[in-house]
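Heads up: the structure comes next, in structure tokens.
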Amino acid sequence: MEKLKQKFFEKSQTLRAEVKRWSKEKGDVQLDTVSVRQLLGGARGVKMMLWEPSVLDPVEGIRFRGYSIPQLRELLPKGDGTEPLPEGLFWLMLVNEIPTEEDVKWLTDQWTQRSNVPEHTFKALDSLSPDTHPMTQFVLAISSMQSTSIFSRRYADGMSKGEYWRPVYEDVMNLIARLPRIAAYIYRRTYHKGDHIAPDISLDWAANFAHMLGNDSEDFKNLMRLYLTIHADHEGGNASAHTTHLVNSTLSDPYLSFAAGMTALAGPLHGLANQEVVKWITNMLDALGTDEPTKEQIAEYVQGTLKAGKVIPGYGHAVLRRPDPRFMAQKVFAEEHLPDDKMVQVVWKVFEVVPPILQGLGKVKNPWPNVDAHSGALLMHYGIKEYSFYTVLFGVSRALGVLASICWSRALGLPLERPKSVNSQWLRETLEEKA
Ligand code: CMX
């Protein structure tokens with residue numbers, strides 16, 4: 001090993017052992033505002049952000065402006081389909097009112113009118129090698145549209161603080177409107193030799209997205225309406241939402257703020273888990289040589305994954321302590337539309353096998369499936385088999401919540417976010433003093 005690397009390795013191993021000991025033995029010690037466990041453990045449970053669109057309860061799951069997912073499936077307008085339209089959820093998250101069918105139709109028309117993607121964004125995408133990960137393409141495409149930011153232009157011209165929310169709202173509406181076209185463009189250029197499908201402006205936001213991806217069936221349009229609704233927000237503390245919020249607090253415009261959030265979503269402990277789930281199941285089926293594995297075979301494969309020091313993708317959560325209602329909503333959809341699909345049946349068997357095994361480890365706080373455990377199997381059924389693309393779909397939906405939230409941040413004039421960090425010397429000395 002080279003000298004600097006060797007030195008770094010030795011020093012970091014020493015501190016790593018000390019940090020582990022502090023977490024284990026001093027976790028409950030209270031430092032000014034947080035415990036040692038919270039300081040070292042990724043700020044779990046620390047209340048430090050105002051976030052209007054949704055609140056996450058560990059047991060009940062997500063509530064958008066007070067409404068659970070089953071309630072939203074009843075109450076939100078459905079347009080021409082059978083599932084809630086994401087337009088309705090955006091309206092609810094932004095203004096805390098359930099919209100009418102007419103309101104939602106107006107929003108669909110708005111997004112259709114604003115959906116024109118700048119030519120240079122397509123050119124930027126086309127300059128990338130087709131094996132560039134779709135999330136990298138997505139981040140680049142979003143950043144490239146920053147040149148059209150009304151907020152940036154108005155800020156450069158000189159704008160009063162009280163006015164910030166207006167251009168932010170315009171950028172947010174334009175950005176959301178363009179995302180399905182961009183995501184479909186990435187999908188078709190990466191996996192269908194650039195054989196693009198023109199938008200159908202008679203369709204709602206999600207149905208048009210389904211159409212541009214290449215599946216015009218009513219069932220797939222309904223799946224996309226549901227998918228883009230349930231992935232939209234998970235309060236503010238998750239990595240993609242928090243990143244968007246943090247970056248936007250510097251008055252970086254909505255394009256750059258959202259692009260930053262998407263780099264966080266692209267991590268395998270967060271949104272990328274949806275691709276990892278299908279990869280893990282596919283590898284398991286290959287290894288077992290069957291597409292109808294028994295529960296015993298699955299259990300053995302799960303043990304092998306854990307023994308190899310890896311996580312079971314799609315299981316566990318930093319906040320939830322029960323099966324994710326977003327997983328359950330997808331399960332209900334699958335029971336209604338594709339109960340005989342073999343991959344779906346594997347997902348259901350994994351749901352029976354994994355929780356007791358994770359529980360048995362004694363350290364996993366939530367052994368239940370999260371949103372990512374089910375989505376891939378549904379997409380596979382409708383022909384979207386290229387799992388590296390799945391996190392982009394998550395990202396299109398996540399835009400609704402995080403961008404609604406930055407409208408609020410700027411309307412409320414929230415300040416630059418700036419929590420406090422400490423170094424290990426401070427922590428060591430403080431713990432010594434307290435002891
Ligand atoms: N498989 C194996 N081990 C797991 C596990 C899983 N699915 N979930 C948690 N653990 C382990 C952790 O790695 C940790 O181990 P160490 O102490 O050895 O480091 C221990 O259990 C405690 O972790 P935790 O407090 O229960 O969970 P965290 O809040 O630290 O992490 C999460 C939450 C989601 C990152 C974790 O459960 C995980 O890695 N899950 C798999 C990846 C995944 O599905 N992510 C998607 C989450 C939803 C989303 O954001 O899209």
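Nothing in this text is a laboratory measurement; each read-out follows from the coordinates by a stated rule. Given the structure is predicted, the values throughout are model-derived calculations rather than measurements. Cβ sites come from the backbone with ideal geometry, for glycine too, and all protein chains shown count toward neighbours.
Brief remarks on what is shown
- Neighbour counting of Cβ atoms within 10 Å sorts the residues 69, 281, fewest neighbours leading, into 69, 281.
- Gap separating the Cα centres of the range 356-435 and the range 39-53, nearest whole Å: 11
- Taking a Cβ cut-off of under 13 Å around residue 162, the surrounding Lys, Arg, Asp and Glu residues balance to a net charge of +3, with basic ones at +1 and acidic ones at -1.
- Relative contact order [Cα under 8 Å, 6+ residues apart], the range 273-381, whole percent: 41
- Packing-based exposure ordering (other Cβ within 10 Å, fewest first) of 105, 331: 105, 331
- Set of lysines with alpha-carbon distance to residue 105 below 18 Å, sequence-local pairs under 8 removed: 78, 221
- Entries of 20/331; 7/420; 363/420 with Cα pairs more than 31 Å apart: 20/331
- Residue pairs, from the table 3/310; 193/385; 279/385, whose Cα atoms sit over 19 Å apart: 3/310
- Pairwise label distance in nanometres, residue 59 with residue 29, each label 7 Å out on the Cα-Cβ vector: 3.3
- Column: log10 I(q)/I(0), Debye, Cα scatterers of the range 273-381, q = 0.18, 0.19 Å⁻¹: -0.85, -0.95
- Among 205, 368, the order by Cβ neighbours within 10 angstrom, fewest to most, reads 368, 205.
- For the options 405, 160, 397, a Gaussian network treatment of the chain with springs between C-alpha atoms closer than 10 Å singles out 160 as fluctuating the most.
- Selection among 379, 320, 304 by position relative to the dipole of the range 273-381 gives 320 as farthest towards the positive end (Cβ unit charges, Cα centre).
- Across the chain, Cα pairs under 8 Å and at least six residues apart give a relative contact order of 20 percent.
- Computed extension gain for residue 432 through residue 361, at 0.36 nm per residue and net of the alpha carbon distance, reaches 22.3 nm.
- Subtracting the Cα-Cα distance of residue 116 and residue 311 from 0.36 nm times their residue separation leaves 66.1 nm of extension gain.
- Extended-chain gain in nm, criterion 0.36 nm per residue less alpha-carbon gap, residue 50 and residue 422: 131.6 nm
- Here the chain yields Rg over Rh of 0.98, to two decimals, using C-alpha coordinates and the Kirkwood radius.
- Selected from 345, 275, 13 as most flexible by GNM, with the chain as the system and alpha-carbon contacts under 10 Å: 13
- Of the DSSP H helices in the chain, those whose Cα atoms cover at least 20 Å axially and whose Kyte score averages 0.5 or more: 342-361, 390-412
- Fluctuation leader among 369, 268, 86 - the chain, Gaussian network, Cα springs under 10 angstrom: 268
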